[in-house]
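Q: Sharing a structure, written as structure tokens. Questions coming.
The values are calculated or read from the model by the stated rules, or taken from the named source; none is laboratory data. What you see is a predicted model; the values in this text were computed from it and never measured. Reconstructed Cβ throughout: ideal geometry from the backbone, glycine too, with neighbour counts over all protein chains shown. Just the protein is used for accessible areas: all its heavy atoms, side chains included, with ligands, DNA and RNA removed. Shrake-Rupley method; radii C 1.70, N 1.55, O 1.52, S 1.80 Å.
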Amino acid sequence: MTKTFEYGVDLGWASQIESRGYSWINEDGNTEDIVKLVKDMGATSVRLRLFVNPPKEGYWDKPTGDRCMLGFCDTQSVISFAKRVKNEGLSLMLDFHYSDLFADPQFQIVPKDWENDTVAQMTQHVHDYTKETLEAFKNQGIEPRYVQNGNEINPGLLLPYGDLNKEPQNMTNFLNASYDAIKEVFPNTEVITHIAMVTDLEGCSNFFRTYFGHGGKTDMLGFSYYPYWYGGVHQPALLSDNINKMSAEFDKDVMITEVGGEQDDEESSYTIVKDTIEATKNIPNKRGRGVYYWEPEACKELLSDGYMLCASVPVGDNKLKFNKALKAYIEKD
């Protein structure tokens, strides 16, 4: 496939927000389908996450005490939403968390049905679940342009079995089993290995040196960039320097698969998105492949944990409207 630069949005919460009776309006105040609306705003791609066997109600009470809205992220729900993405002609990224719940640097929880696996059985589970899930998409005529095999896996995945530092070969075997399954179903789909904290060059480089040093396979490096979580300071020069160095060292294309700013500070969020696009586009040899906002359709007022790095605001009567952040997509040229 021809390489493109994607202006992406993660809409993993959208179907659950819709189930609560909410919809989105455009600049003219008219209600519009969320996928068409983000397309009109300049988006070219949609990212959707997949959980193995998530709670049907779509909520998770975290060990930290927070109640977290998960989105409807079982396979059939994601297929249903992906059809809407396909109908609007946008490319699709699927994000396998390899958990029943959110996976991130704090939590990489083994799916309940896999808890009693040996490492060998878990490796096979990763392969078979990935293949069966993607075959379900294929049977519906949906081909993802990109697949993430793991989400923000800085400490590894399927912990403690795939711990980056203690069991790097297990981690690599899990990811390679996923990579192989993806290619068996969709040979042209590009696989992205995604970690957080792109401003930590030492930590990110150590992850990929360890992974590739144990025989790891991937097509692209994916990173999260959230100034809010990095001391609240937007550092575009550091971002640019780090992604340039990692693209060169590992000879890989790069995507910022998650970026976001504070809902209530739309000017700063707009600047963050615009600068992130510029930094990624300027990776030498055209190795920058895209930027995805996580999640612009949501707002803190609707999320049980008050997550605030969204890009919508309530405007009454169960309506939501985007703030300025995604205008960086419209103004991309």
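Q: Net charge around Tyr161, counting only other residues with Cβ within less than 10 Å of its Cβ (Lys, Arg = +1; Asp, Glu = -1)?
A: After counting each charged neighbour, the total is -2.
Q: Give the peptides 69-77, 183-191 in descending order of average Cβ contacts within 10 Å, highest first.
A: Sorting 69-77, 183-191 by mean packing, highest first, produces 69-77, 183-191.
Q: What dipole magnitude, in Debye to the nearest 20, does segment 29-89 give about its Cα centre under +1 on Lys/Arg Cβ and -1 on Asp/Glu Cβ?
A: The dipole magnitude comes to about 200 debye.
Q: Where is the GNM fluctuation largest for the chain (alpha-carbon springs, 10 angstrom cutoff): Asn282, Asn173, Asn323?
A: Asn282
Q: Also, quick follow-up: Taking the C-alpha atoms of segment 1-106, how large are the radius of gyration and the largest Cα-Cα span, Dmax, in Å?
A: For segment 1-106, the Cα radius of gyration and maximum Cα-Cα distance read 14.8, 46 Å.
Q: Further question: Expressed as a whole percent, how much of the Cα-Cα distance distribution for segment 185-333 exceeds 26 Å?
A: 30 percent
Q: If you don't mind, another one. About the Cα centre of segment 57-199, how large is the charge dipole given +1 on each Lys and Arg Cβ and -1 on each Asp and Glu Cβ? Please answer in debye to the nearest 20.
A: Its charge dipole is roughly 380 debye.
Q: Can you pull out the trypsin sites (Lys or Arg not before Pro) in segment 22-131 that DSSP calls coil and that have at most 12 other Cβ atoms within 10 Å?
A: Sites meeting the loop and neighbour criteria: Lys56.
Q: Sticking with this structure for a sec: Counting only protein heavy atoms and using a 1.4 Å probe, what share of the accessible area of the chain belongs to carbon plus sulfur, as a whole percent?
A: 46 percent
Q: Pairwise over distinct Cα atoms, reciprocal of the mean inverse distance: report the Kirkwood radius of the chain in Å, one decimal place.
A: 19.8 Å
Q: Moving on. Would you work out the charge dipole size for the chain about its Cα centre, treating the Cβ of every Lys and Arg as +1 and the Cβ of every Asp and Glu as -1, and quote it to the nearest 20 debye?
A: In debye, rounded to 20, the chain gives about 700.
Q: Hey, can you find the accessible area per residue of segment 71-205 for me, probe 1.4 Å, expressed in square angstrom?
A: Averaged over the residues of segment 71-205, the accessible area is 38 Å².
Q: Moving on. Counting only DSSP beta bridges with both residues in the chain, what percent are antiparallel, rounded to the nearest 5?
A: Taking every DSSP beta bridge within the chain, about 20 percent pair in antiparallel fashion.
Q: Would you please state which residues of segment 49-75 a label at Glu132 would reach in this model, taking the label point 7 Å out along Cα→Cβ and a backbone N cut-off of under 18 Å?
A: It comes to 50-56, 73-75, nothing else.
Q: Using Cα pairs closer than 8 Å and at least 6 residues apart in sequence, work out the relative contact order for the chain, in percent.
A: In percent, rounded to a whole number, it is 19.
Q: Quick check: convex hull of the Cα atoms in segment 12-65, volume per residue, rounded to a whole Å³?
A: 129 Å³
Q: I would also like to ask the following. Given a cut-off of under 8 Å on Cα pairs at least six residues apart, what relative contact order in percent is computed for segment 4-56?
A: 51 percent
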